[in-house]
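The values are calculated or read from the model by the stated rules, or taken from the named source; none is laboratory data. A quick note: this is a predicted structure, and the numbers were derived from the prediction, not measured. Note: ideal-geometry Cβ built from the backbone for every residue, glycine included; neighbour counts use all protein chains shown.
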């Protein structure tokens, strides 16, 4: 028997895609109308930063500058 005589029915895929799209739209609308408590968010962010190792923005900038300097030194050494 060939596969042409028994076509695969994929009509469910349209319903599934529609349901997932509507679910995504629902969550986008939910986030759009949500009211954010900025002080609570900042408190939670500070607690997470303390738990992870207290890497603040200035240390990240310092690390980035150091890595840029190191890479420029390495490139100069490679060119010699």
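Could you please tell me which pairs satisfy a Cβ distance under 9 Å, a separation of 6+ or placement on different chains, a first residue in the range 56-80 that is closer than 30 Å to residue 42 by Cβ, and a second residue that is surrounded by 10 or more Cβ atoms within 10 Å (Cβ to Cβ) and at pLDDT 75 or above?
Note: pairs meeting the criteria are 56/49.
Out of 13, 77, I need the residue that is surrounded by fewer than 10 Cβ atoms within 10 Å (Cβ to Cβ) and modelled with pLDDT under 85. Which one?
77
Residue 56 - would you say it is touching a helix residue (DSSP H, G or I) at 6+ places or on another chain (Cβ under 8 Å) and modelled with pLDDT under 85?
Yes: the conditions hold for residue 56.
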